[in-house]
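What follows is a single structure, written as structure tokens, with notes after it.
The values are calculated or read from the model by the stated rules, or taken from the named source; none is laboratory data. It should be emphasised that the depicted structure is a prediction, and the values quoted were computed from it without experimental measurement. Every residue, glycine among them, receives a Cβ derived from its backbone with ideal geometry; neighbour counts consider all protein chains shown.
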Amino acid sequence: MILSRQRTMTYRLLTSKIILLVGMMGVGKTSLGRIIAKRLGLPFLDSDREIEQMTGFSISDLFARYGEKEFRAGEERVMKRLLNGTPCVLSSGGGAFLSEATRQVAADKAVSVWIKAEADVISSRTEGRTHRPLVPAADNQKVIERLVQECYPLYALADLTVSSYDEHPAKTAGRLLKQLEERGLITPIDSPSPVRHRLHKKG
């Protein structure tokens, strides 16, 4: 009996630009970003993690200590540095792309991709989480609906939009990779033929 093992398609990036994932918290940017980075053979970076490593504080602590205005100013500086780096897949914090200064840098240095999800999907994914500084657990649904109204018109300025449903992030990644390929930004790498194992019965 012969068994075949499917190989995951890999791709080559055809641009020097960074793949920037933008959108609300809870849409799956981090999980999706890791999958995309692996398929493209690129490093994965998360702007929130970069900020936390640089400051030694969590995002929630930074909001509490310095307020949102000061945090956003620091976030702009970090995003500018990351966007001027070498090609990678970069997941940004929910408010990063709302900054006009960040959008201007991204327009030149990145292919921005809005990971779009409906309010009820975001609410179900973030319910009960306490590390979201702008979404108190008690007002989760109400705050998310307000943020959707405020943020989506700016997220819509991204180069590409990929919908995120209540599904495995690999499916969302497949739709994103298809869009990047259709835009001529990536190309499949020829994979070796599937590995075949021949099993011999004893006797």
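Could you list all residues from region 152-171 that are assigned to a helix (DSSP H, G or I) and modelled with pLDDT under 95?
We begin by selecting, within region 152-171, every residue assigned to a helix (DSSP H, G or I); these are 152-155, 169-171.
Hits for region 152-171 are 169, 170, 171.
Only one of the numbered conditions (1) touching an Asp or Glu at 6+ places or on another chain (Cβ under 9 Å); (2) modelled with pLDDT under 95; (3) closer than 27 Å to residue 179 by Cβ; (4) not aliphatic (A, V, I, L, M) is violated by residue 91, and that is (2).
Highlighted here are the helices (runs of 4 or more DSSP H) found entirely within region 1-107 that include at least 2 residues which are within 20 Å of residue 162 (Cβ to Cβ) and not small (Gly, Ala, Ser): 29-40.
Every residue in region 108-129 that is among the charged types (D, E, K, R) and part of a helix (DSSP H, G or I), please. Of everything in region 108-129, those that are among the charged types (D, E, K, R) and part of a helix (DSSP H, G or I) turn out to be 108, 109, 120, 125. Condition check for residue 1 on (1) surrounded by 14 or more Cβ atoms within 10 Å (Cβ to Cβ); (2) at pLDDT below 95: one failure, at (1). The residues of region 172-185 that are more than 22 Å from residue 30 (Cβ to Cβ) and assigned to a helix (DSSP H, G or I), listed by number, are 181, 182.
Per-residue answers, yes or no, for (1) at pLDDT 95 or above; (2) acidic (Asp, Glu); (3) within 27 Å of residue 175 (Cβ to Cβ); (4) more than 12 Å from the chain's Cα centre (by Cα):
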site	(1), (2), (3), (4)
23	yes, no, yes, no
46	yes, yes, yes, no
61	no, yes, no, yes
66	no, no, no, yes
77	yes, no, no, yes
84	yes, no, no, yes
105	yes, no, yes, yes
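Taken as a whole, region 109-117 holds at least one residue that is modelled with pLDDT under 95 and buried (at least 18 other Cβ atoms within 10 Å of the Cβ).
Quick one: count up the residues across region 25-44 that are closer than 27 Å to residue 146 by Cα and over 9 Å from the mean Cα position of the chain (by Cα). Let's see the steps before the verdict.
Pass one, region 25-44, residues closer than 27 Å to residue 146 by Cα: 25-33.
The next check asks that each one be over 9 Å from the mean Cα position of the chain (by Cα); those that pass are 25-26.
So the answer is 2.
Among all residues of region 58-68, there is none that is within 25 Å of residue 183 (Cα to Cα) and either touching a residue at least 24 places away in the same chain (Cβ under 8 Å) or hydroxyl-bearing (Ser, Thr, Tyr) (or both).
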